[in-house]
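The values are calculated or read from the model by the stated rules, or taken from the named source; none is laboratory data. Since the structure is predicted, the reported quantities are computational estimates derived from the model, not experimental observations. So basically every Cβ, Gly included, is an ideal-geometry build from the backbone, and we count neighbours across all protein chains shown. When the accessible area is computed, the model is the full protein with side chains, heavy atoms only, and any ligands, DNA or RNA have been set aside. Shrake-Rupley method; radii C 1.70, N 1.55, O 1.52, S 1.80 Å.
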Amino acid sequence: MMAAAKPVVINDGIPLSEGNPHTWLVLSGDPPGSIGPRCMVGTLRPEHRGRANSAAAFAAAKLLIEVDETDQPWRSGAYRHEVILPHDADDRLSCPRTLFSDIDAAHVPGGKALLTYVTLTWTPTRLHHGWRVAHRLAADLVEEFSAPALAIQHVPGLVANTATPHCHLLLAPRSLSGIGWGGYVAALNGDRVWPLVRSRFDALLAAM
């Protein structure tokens, strides 16, 4: 099966689980079994299927952190990670816990989303090649939309898991400047995200 021309819902029918953040939102993208690189996206909304969501809780789950209120900064179990900030954002937000806690605190009643989630899965020739593609994609989105991002790389083989190495991007859906949070970025919300990320992912793979 080749990469999808249009995204499909991937997690439809999977029971809601506190231990599985992929059930806290609707995931769309290339279906399992696709040949070649896969791209999956989702929008984390304040409430999903009766569950109250949190940007900080989702980020902690993807960073493989056992949440501990005394753990500052968070100690990630992921292979590597980095927060990428717009050039004039406050440096204190380079800590994932601080950034995503601030996203939760700044959320407005009736707001559209808490974060945008992207997973990029493929088999690079070297792990740092995979990281470079994901990091570049995240950095380009941060530069264009002035919205901060967290890039994460998972290497399941390190814990004897047969899953393919992959990278996650967690993007704030709002712009951020030196004076604080701004408006929602339309391109980083809802159905617009998959075609945007998929096309840029393909272009970076072709160039690198």
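Between residue 199 and residue 144, how many nm apart are label points set 7 Å from Cα along the C-beta direction?
About 0.8 nm separates the two model spin labels.
When all protein chains stay in place, what accessible area (Å², nearest 10, 1.4 Å probe) is found for residue 95?
20 Å²
Could you state the accessible area per residue of the chain in Å², with a 1.4 Å probe and every protein chain left in place?
Working: 10130 Å² over 208 residues.
That works out to 49 Å² per residue.
Return the long-range amide H neighbours of residue 115 (sequence gap of 5 or more, or a different chain), with a cut-off of under 5 Å between placed amide H atoms.
The list, which skips near neighbours in sequence, is 44.
Could you tell me what percent of the accessible area of segment 114-180 is made up of carbon and sulfur, with a 1.4 Å probe and every protein chain present?
Result for segment 114-180: 53 percent of the exposed heavy-atom area is carbon or sulfur.
Can you grab the distance from the C-alpha centre of segment 154-208 to the C-alpha centre of segment 69-129, Å, no decimals?
11 Å
Please calculate the 1.4 Å probe accessible area of residue 28, with all protein chains present, and give it to the nearest 10 Å².
Only protein atoms counted, so the area is about 30 Å².
For 43, 123, write out the residues from largest to smallest accessible area, computed with a 1.4 angstrom probe and no ligands counted. Could you put the intermediate results ahead of the total?
Numbers: 43 20, 123 110 Å².
Order by accessible area, largest first: 123, 43.
Which of 133, 83, 155 moves most in a GNM of the chain, Cα contacts under 10 Å?
Judging by the Gaussian network model, the answer is 155.
How big is the convex hull of the Cα atoms of segment 88-182, per residue, in Å³? Don't skip to the end; give the middle numbers.
Values: hull volume 11.1 nm³, N = 95.
Convex hull of Cα atoms, per residue: 117 Å³.
Place a point 7 Å from the Cα of residue 159 along the Cα-to-Cβ direction; which residues of segment 1-42 have their backbone N under 17 Å from it?
18-23, by backbone N distance to the label point.
Can you give me the long-range amide H partners of residue 27? Hydrogens built in the peptide plane at 1.01 Å from N, cutoff under 5 Å, separation of 5 or more residues or another chain.
Amide H neighbours of residue 27: 10, 11.
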